[in-house]
Amino acid sequence: MSFGRRTARLTAASLVSLALALATTACASDKSTSKGAGTGGGASIDTSGSSVKVGVLHSLSGTMAISEVTVKNSVLLAIDEINAKGGVLGKKVEPVVEDGASDWPTFAEKAQKLISNDKVAVTFGGWTSASRKAMLPVFEKNKQLLFYPVQYEGLESSPYIFYTGATTNQQIVPGLDYLKAQGKKKIFLVGSDYVFPRTANKIIKKYAEANGMEVVGEEYTPLGHTEYSTVINKVTEAHPDAVFNTLNGDSNVAFFKQLRSTGVGPDRMPVLSVSVAEEEVRGIGPDYLAGQPVAWNYYQTTEGARNSEFVAAYKAAYGADKVTSDPMEAGYNSVYLWKAAVEKANSFEPEAIKKACDGVAIDAPEGKVTIDGATQHVYKTARIGVVREDGLIQEVWNSGGPVKPDPYLKEYPWATDL
């Protein structure tokens, strides 16, 4: 590419709690009455009335709320827009909103509740790979669909998950290509301690070996961690050319504020982030991030009439001072992609949607996005941006068009033994 994308360990106690909770919701399901068509082996969905229920499952509390509340908002915006135009297959879309509470067993419990008790047709949700990994067996067991909206580490596919954020070759690899093109050869890796950062950094180290780069340090902290002086000392003492940042949630607030207090700015040592978008910039403060590079597929400043409509609609719904971001846009797109696939299949049935999904495309705020039926990922345009002093992000490079998703990095010889 030339220049011009998470499993926290489940404790024994939490696993027991999760098993009991799933058993409880399963018993509750047994007492409910399926009113609609079956799903061919899984739980039933209720399509008997004038509306169809969909699940919206995000962290509305806890360390990930800084990021996920806005994705929930953009999903609800898309649902409102679709309902205003008549709904899907003549039915209004009825959201059932649940709080994953930044707790991975809770995500699994709430996913089962949405399927068994609420009989939703689909669920939109998740941010961390830990939450997705916790939900995956629930959706596979019930043969129900999850639309997951956030960039991730790749090396995964599930027949019951649609991945509408970037996979590795659409974010992490372009981010590394950017640093390489900027002459950055010594890289320090900082991340939260769970599956996304650890897997992403495994990929980054393979890339570095094959591209004449050196990883001079690697540090992990728990989600929600706020004391970064020791990590920052290790980073500065290693004298890297750049930092590749895979911290998530409000840990980024503490990291960037403490980094700036040392006097280290982007000119001396850029920190390329893959989970810091416009909303996180607001939470951290533009003064601590101006000039820092990020890698995503969408920015509020992305040019195009469709994005202007999206930004205006979001501000009208949630406030003129609000911003839009990549995960928010991918969440918004998820609802429209599901709608398009349902209409192509002429059915709310998960198996029918999966068979119809290949080639389903929408005119999204980021540009055209198309479902790749083979992987259930999405063709997306890769973009590198730099945080501006006003807190928005200015694109400095893009891939020139949508990039085919390659979650297993089959097109990269250096990734063959991952």
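On inspection, Glu209 fails the criterion of being crowded, with 20+ Cβ neighbours inside 10 Å and of a type in the set (Asp, Glu).
In summary, Gly249 fulfils each of the numbered conditions (1) surrounded by fewer than 22 Cβ atoms within 10 Å (Cβ to Cβ); (2) of a type in the set (Gly, Ala, Ser); (3) within 24 Å of the chain's Cα centre (by Cα) with the single exception of condition (1). Just one residue in the set Glu343, Glu366 is open to solvent by less than 50 Å² (accessible area, probe 1.4 Å), more than 30 Å from Glu209 (Cβ to Cβ) and of a type in the set (Asp, Glu); that residue is Glu366. Condition first: within 17 Å of the chain's Cα centre (by Cα) and under 24 Å from Glu351 (Cα atoms). Now tell me which residues in segment 85-107 satisfy that. The answer is Phe107, and nothing else.
Just wondering, is there one or more residues in segment 112-128 that are open to solvent by 10 Å² or more (accessible area, probe 1.4 Å), part of a helix (DSSP H, G or I) and more than 19 Å from Leu337 (Cβ to Cβ)? Yes, that holds for at least one residue. If you check Thr370, Thr375 for being within 20 Å of the chain's Cα centre (by Cα), over 14 Å from Val88 (Cβ atoms), assigned to a loop (DSSP other than H, G, I, E, B) and polar (S, T, N, Q), only one passes: Thr375.
In the set (1) within 24 Å of Arg198 (Cα to Cα); (2) part of a strand (DSSP E or B), the condition left unmet by Val97 is number (1). Being at pLDDT below 95, surrounded by fewer than 22 Cβ atoms within 10 Å (Cβ to Cβ) and either in a helix (DSSP H, G or I) or at positive phi (or both) is a description that does not apply to Gly49. Among the conditions (1) in contact with a Gly (Cβ under 7 Å, 6 or more places away or on another chain); (2) within 13 Å of Pro407 (Cβ to Cβ); (3) open to solvent by 10 Å² or more (accessible area, probe 1.4 Å), Lys185 misses just one, which is (2).
Applying the criterion of being hydroxyl-bearing (Ser, Thr, Tyr) and either modelled with pLDDT under 95 or open to solvent by 40 Å² or more (accessible area, probe 1.4 Å) (or both) to the residues of segment 262-300, the residue that is nearest to Ile172 (Cα to Cα) is Ser275.
Considering only segment 188-199, I want to know if a residue exists there that is under 18 Å from the mean Cα position of the chain (by Cα), acidic (Asp, Glu), assigned to a loop (DSSP other than H, G, I, E, B) and surrounded by fewer than 20 Cβ atoms within 10 Å (Cβ to Cβ). There is at least one residue in segment 188-199 that is under 18 Å from the mean Cα position of the chain (by Cα), acidic (Asp, Glu), assigned to a loop (DSSP other than H, G, I, E, B) and surrounded by fewer than 20 Cβ atoms within 10 Å (Cβ to Cβ).
The values are calculated or read from the model by the stated rules, or taken from the named source; none is laboratory data. Predicted model only: the values in this text are computed from it and were never measured. Neighbour counts are summed over all protein chains in view; Cβ atoms, including those assigned to glycine, are modelled from backbone coordinates with ideal geometry. Quick note on the areas: whole protein, heavy atoms, side chains included, nothing else; ligands and nucleic acids left out. Shrake-Rupley method; radii C 1.70, N 1.55, O 1.52, S 1.80 Å.
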